[in-house]
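Derivation of every value follows stated rules applied to the coordinates shown; laboratory data play no part. These figures come from a predicted structure and were not determined experimentally. All Cβ positions, glycine included, derive from the backbone under ideal geometry; neighbour counts span all protein chains shown.
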Amino acid sequence: MNQKKARPTGRVPQRQTSASQGPDLVAIIRDFVRKPGFVPANKSELARQLRIPPDDRADFREALRKLIADGTLTEGRKGRLAPADRPGTSRLTGIIIFPARAEGRGHAWFIAEVPEAAALRGSAAERIHVPARYTGTALHGDTVTVEVSRRKVAPWERFDRQRQRDQADPAVEAHVCEVIGRRHQRIVGTYHAHPRFPSVTPDLPMLPQSLRLVNILPEAKAGDKVAVEITSWESRQQAPQARMVRVLGAPGTPGVDILTVICSHDLPLEFPPEVLAEAASLPSEVHPDMVKGREDWRNQPVFTIDPFDAKDFDDAIAVKPLPEGGWELAVHIADVSYFVRPGTALDREAKIRGNSVYLVDRVIPMLPEKLSNGVCSLKPDVDRLTFAAILTFNAHGVPKGARFTPAVIRSARRYTYEEAYERLQLTPDQIAGLPKHEASFAKHLHEAWRLAKTLRDRRFREGALDLDFVETKVILDQDGVPVEVRRVQNDISHQLIEECMLAANEAVARETKLANHPAIYRIHEDPDEERLMDFREQARTYGHKAGDVTQRPELQKLLRSIRGLPEEHALKIALLKSLKRAAYSADPLGHYGLAKLNYTHFTSPIRRYADLIVHRVLRRLLTRRKTEPGDKAGSTPGYGRLVEIARHISETERNAADAENETKKLKLIEYLMRLTKAEPEKTFEAVINDVRPGASFVELTAYYIKGMIKSEDLPRGARPTLQVGQRVEVRVVRVDPVRGFIDFTIPEGSGKNAVQESGARPSSRRPRTSREKNTQQGRRKRPR
């Protein structure tokens, strides 16, 4: 594998006077950013790399302004600076993406880290096409540098629907020059023993070749699953060389399938000794001296609502009606910042991990168990330290006031979502029949739902999108075998807690923004209108009427129209893919999906590092003092450092989500295999999501598992006509559990009966992108 080049380093030479520094500093920056291996950086990062003294920062900013003005530098998204033109080259840095099921053999797309720099290279599209012969040794998701060039476009390519759908400019293409960062540092595969040429067949579809091993761990046995790291890879015509780093075990052994995902995503299973030692030194319970100066809520009706199998309780609430109308909502969040101080081993490890990872069979926590499940967890009937957001609302759910304070609570009741839902269904007469303690909390629960419903109704009136849908939870036995798949509804018990947390997050974001203090924000940028219109076309193939979905009311109307229909899940997933991905940022850019100008993450510091940072910022604002030397408890990162942290934790969040989805899919496929093994002719209801020549794509409505119906797998003779949006009865033909592929067929003799009407009239059309529509309109004007 090509080794990642070290970033260029530079030091600004000592200069005598500020007046003489301008031209020298301009030249220093210009030379620095043109060095090989330079990665686009914002102003703070660039100043740190060049080691600009604080007294020279004003001159540094002035030099940057000159370089941007004369076209030497271009400023991209999030303030990242990149050279607009390097002598003799048009190289860009970014991510390479391969299409699904391509297995690394075909073409790919390049997405520039700084889109504005790509535009300067002549590409007007989001993606730049990478022909198969120019992908080099890059794998899906790798960070690469590419050479961008223009090419002559054949007439037929101007109407290439695939390229238009993928939003690639046919006149521009990229050639991979170097792989500077692997998405997967470790690769999992099957070990093949050989006296001279031991090898590993990787599970990763992007690596079709065998990997030649340069070492063998003594515990490795033929057929074992192992984790390896690529040490060298010259070209796709040669087998990569790899080093074996861990033996996971024999396939089929309980837990090995999950370990493969853990290793392939580089998830840490153990904490370093110094982190565990630091956690062990912390108290296991809250002592009286810890509560001094805190607001005492131990005698208030504070309660929690969490999943039945939860162990880390981040949040608790208390709600009471106000005499003048409206409500007071107290959102108590575990005060992790009291125990995890900046610069400690615990803090460094939490920052590296970024977040807890919730796999199908285990949790990989951000913090050691002593904290996450112990002294920080808001368990009932024990004293716990919290950071509280005390919010007041009028009768219409409009915020009237907010204050924030360290507090101490003793949670008086722990509800599971199922218990809370049952209590919320009770009538006043039924509540009166409960034991006194339970009746009291049932009333508090109903009052909390009245507030939450008011907040929820107001939020959707202001334009929030209903992107919630039914999810599945795989239940495993003690050996890790899936025995049940439960559907998890976003019922009113979930909505109650969700609205309370949203309100607290918004209030905290408003506080930090008004204070103009550097902080971490949760952002969801506005979507590309063209992609939304493409989603509209997809919705129309299901037979749904859709207006201008770039307007919130029309998009909300469409979402309401698909509620409860079989295709709801598929269409909401399609909408999510049309929207930009939520992320963390040091800039308060707002949240499109929630329709909020101010939003952050404050409510889960046990499992998210972003929330821990926000707690520290809020505490800093409350004290209204400058940090004294050596006082790490009050220190908070500056803007430049927060930009780095936001980028890192956004990446760890995506990595965790991918791992969570992979383990869930593994067990769903295993569950499906067990069902079909017990009953080979068993059929499942599915919805057609896409129809292509030679194959159709379906999703099982009960389990949300996706698969393919190949034409050759359909019964011979009168084959059914499959249309997007239709429900069909399917049977499993074959399963590839390693690569996650499932092939279905429609049982013979049920062709006509297999196709059922959906909630809307389906269409056989494949959705056309807005670019294709423009192309088709242009074609009609041409003479036949």
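I need THR623, THR260, THR190 ordered by Cβ neighbour count within 10 Å, fewest first. Write down the numbers at each step before the final one.
Values: THR623 11, THR260 23, THR190 17.
Sorted ascending by nearby Cβ count, the order is THR623, THR190, THR260.
Report the Cα centroid-to-centroid distance between the stretch 495-556 and the stretch 727-745 in angstrom, as an integer.
So the separation of the two Cα centres works out to 34 Å.
So what is the relative contact order for the stretch 163-315, in percent, with contacts set as C-alpha pairs under 8 Å and at least six apart? Spell out each step's value before the answer.
Values: 188 pairs, mean separation 25.8, N = 153.
Relative CO of the stretch 163-315 lands at 17 percent.
For the residue pair ARG61 and VAL214, what label-to-label distance in nm results when each label sits 7 Å from Cα along the Cα-to-beta-carbon direction?
Placing both labels 7 Å beyond Cα along the Cβ direction yields 4.8 nm.
Mind sorting THR636, THR405, THR603 by how few other Cβ atoms lie within 10 Å of their own Cβ, fewest first?
On the way: THR636 20, THR405 16, THR603 24.
The most exposed by this proxy come first: THR405, THR636, THR603.
5 Å is the cut-off here: which amide hydrogens, built 1.01 Å from N in the peptide plane, fall below it relative to GLU178, excluding neighbours closer than 5 in sequence?
Those lying under 5 Å, H to H, from GLU178 are THR145.
Which residues' amide hydrogens lie under 5 Å from the amide hydrogen of VAL130, considering only partners 5 or more residues apart or on another chain, with H built in the peptide plane?
ALA108, TRP109, PHE110, ALA174
Report the extension gain between THR623 and GLN238 in nm, rounded to one decimal, defined as 0.36 nm multiplied by the number of residues separating them, less their alpha carbon distance. Don't jump to the answer; show the numbers that get you there.
Values: separation 385, 0.36 × 385 = 138.60 nm, distance 6.15 nm.
Result: 132.5 nm gained on full extension.
Compute the Cα gyration tensor for the stretch 430-548, then decide on rounded, prolate or oblate, letting a ≥ b ≥ c be the square roots of its eigenvalues: rounded whenever a/c is under 1.5, prolate when a/b is larger than b/c in the other cases, and oblate in all that remain. Can you show the working numbers first?
Details: a/c = 1.72, a/b = 1.20, b/c = 1.43.
Here the stretch 430-548 falls in the oblate category.
Expressed in nm to one decimal, what extension gain is obtained for the pair GLU525 and ASP429 from 0.36 nm per residue of sequence separation less their Cα-Cα distance? Don't skip to the end; give the middle numbers.
On the way: separation 96, 0.36 × 96 = 34.56 nm, distance 4.74 nm.
Full extension of this stretch gives 29.8 nm more.
Using 32 Å as the Cα-Cα cut-off, could you pick out the over-long pairs in LYS400/LYS557; LYS225/LYS473; LYS545/LYS677; LYS577/LYS677?
On the way: LYS400/LYS557 30 Å; LYS225/LYS473 27 Å; LYS545/LYS677 41 Å; LYS577/LYS677 34 Å.
Long pairs (Cα-Cα over 32 Å): LYS545/LYS677; LYS577/LYS677.
By the gyration tensor of its Cα atoms, with a ≥ b ≥ c the square roots of the eigenvalues, what is the shape of the stretch 384-435: rounded for a/c under 1.5, prolate for a/b over b/c, or oblate? Walk me through the numbers before you get to the answer.
Details: a/c = 2.85, a/b = 1.46, b/c = 1.95.
It comes out oblate by the Cα gyration axes.
What nm value, rounded to one decimal, do you get for the distance between ASP309 and ASN394 when each label is placed 7 Å out toward the C-beta?
Between ASP309 and ASN394, the label points sit 4.6 nm apart.
If I model a spin label at ARG30 and THR231 as a point 7 Å from the Cα along the Cα→Cβ vector, what separation in nanometres do I get?
Going from the ARG30 label point to the THR231 one covers 4.5 nm.
Ranked from highest to lowest mean number of other Cβ atoms within 10 Å per residue, what is the order of the peptides 218-224, 352-358, 503-509? List each step's numbers first, then the result.
On the way: 218-224: 12.9, 352-358: 19.6, 503-509: 25.1.
So the peptides 218-224, 352-358, 503-509, ranked by packing, come out 503-509, 352-358, 218-224.
How much length is gained on full extension from ALA439 to LYS513, taking 0.36 nm per residue of separation minus their Cα-Cα distance?
Details: separation 74, 0.36 × 74 = 26.64 nm, distance 4.09 nm.
Full-extension gain reported as 22.6 nm.
FRET efficiency for GLN495 and ASP587, Cβ-Cβ distance as r, R0 = 41 Å, nearest 0.05? If you can, show how the numbers build up before the last one.
Numbers: r = 30 Å, r/R0 = 0.72.
For GLN495 and ASP587, the calculated efficiency is 0.90.
If you take the beta carbon distance between ASP289 and LEU322 as r and set R0 to 25 Å, what does 1/(1 + (r/R0)^6) give as a FRET efficiency, to the nearest 0.05?
0.15
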